[in-house]
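These notes are about the structure you will find just below.
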Amino acid sequence: MQQRFLWLAGVLACLIGIVTLVPARFVYHVAAPPELSLADISGTVWSGRAEHASVAGVYLRDLHWRTRPLSLLTGKLTADVSAEPVSGFIEGRFSVSAGGKLGISDLTASIGLAALAEALQMGRVDGSANLQIVRLELEEGLPTTAVGRVEVANLLVADIHRQAPLGGYRADFFTEDTGVTASVEDTDGVFDVAGRFDIGADRSYRFIAKLSAKAAADESLTRQLRFLGTPDDNGQYELRLEGQL
């Protein structure tokens, strides 16, 4: 039994060694998903670099990765990754399981909202987003687990207000039995916001918030709130957004 175990461990060690020495350029051309585009690739699957990259429409430069070979024993391919978007940085650990589940952990990032908005077709949005993701898991693009925080600063939404930013807002993500949830509030925004964002297992999403204009909001923003209906006794309006991912 012991000899059989040692033989199996030796075979696995050889396989891991072979896989990690495969040129990254070869693997990219054979197995890259359509959402990933790399250029000027160097190194191996174990440790490599791409001078230019596009991930789901977001441009990155100086993309580095270093694979953790022993993660293959758990049925996952895990790598520590760093890259530079147009403005900011991204550093974190990414994993892909045999079933196609994507995992992200220990992620810190700062990225311009304009780049994200263009990739997600969100319209004319600008500002910056700072991310601290403890753990995020996605299955077929659907978040099934999320623990972390996203902070937006100097938010500018041209369709709402072109003259000045709307300020800063924060979302804290956590996981419940029904799906992924986030509590949303303002930090230094022109709106006083307290809301909740939910993503269900059926790909439905719902954002419900109470908001009111602060003294820093100009008259045009205050007028736009009236389109949300009648305020409650505290002068707050209800914002409700629902749909399907």
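The values are calculated or read from the model by the stated rules, or taken from the named source; none is laboratory data. All of these numbers come straight from a predicted model, not from anything done at the bench. All Cβ positions, glycine included, derive from the backbone under ideal geometry; neighbour counts span all protein chains shown.
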Practice task
Kindly check whether there is at least one residue in region 68-90 that is farther than 24 Å from residue 181 by Cα, among the basic types (Lys, Arg) and either at pLDDT 85 or above or assigned to a strand (DSSP E or B) (or both).
Solution key: yes
Practice task
Under 8 Å between Cβ atoms, at least 6 apart or on separate chains: pull out the pairs that start in region 193-212 with a residue that is surrounded by 14 or more Cβ atoms within 10 Å (Cβ to Cβ) and end on any residue that is acidic (Asp, Glu) and outside any strand (DSSP E or B).
Solution key: 210/232
Problem - Any chance residue 240 is surrounded by 12 or more Cβ atoms within 10 Å (Cβ to Cβ) and outside any helix (DSSP H, G or I) - result: no
Exercise for the section: Kindly indicate whether any position in region 123-138 is of a type in the set (Lys, Arg) and at pLDDT 85 or above. Expected result: yes
Problem - Verdict on residue 152 being closer than 30 Å to residue 135 by Cβ, surrounded by 14 or more Cβ atoms within 10 Å (Cβ to Cβ) and touching a helix residue (DSSP H, G or I) at 6+ places or on another chain (Cβ under 8 Å) - result: yes
Exercise for the section: Considering only region 134-219, give the strands (runs of 3 or more DSSP E) lying wholly within it that have at least 1 residues that are touching an Asp or Glu at 6+ places or on another chain (Cβ under 7 Å), more than 28 Å from residue 90 (Cβ to Cβ) and polar (S, T, N, Q). Expected result: 204-213
